[in-house]
Amino acid sequence: MNRSAKLIFTALALGSAAFVAQANAASRLCEDVLKEYRAAKETAKVSADVMKKADELEAKAVERCNADDDKRADQFLTDAMKLLGK
C-alpha cells in the first residue's frame, strides 16, 4: 500500500470513529433515562389523563429501549417528563 492510500485509509478510519462517537454521545442509555423518569413519576402531581399519556410514552420508550434504539427511547421519555412538568 503506498503512502497516499495509507493516508486516505487512516483519514476514513478516523472519520468513521468520530462519527460513531458523536452518534453515541447524542443519546444516553435509555435505562438511565428510564430510571430518572420513573423517579420523577413518583412525585408528579398530574391529572389521570396526563398520567395516562405519560404512561403510553413510557411504554413506547421501553419498546424502543428493548430494541436498542436509545435515541428514540430517550425522546419518548423526554416528552413524558414534559407532561409531568419535569
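In order along segment 77-82, the phi-based Karplus estimate (6.51 cos²θ - 1.76 cosθ + 1.60, θ = phi - 60°) of 3J(HN,Hα) comes to 5, 5, 5, 5, 4, 5 Hz; Gly and Pro are listed as x. Extension gain for the segment Asp32 to Asp79, taken as residue separation times 0.36 nm less the Cα-Cα distance, is 15.4 nm to one decimal. Applying 0.36 nm per residue to the separation of Ala44 and Asn2 and subtracting their alpha-carbon distance, the gain on full extension is 8.8 nm.
A short reminder: the numbers here are calculations on the coordinates, not readings from a lab. None of the values given here were measured: they were computed from a predicted structure.
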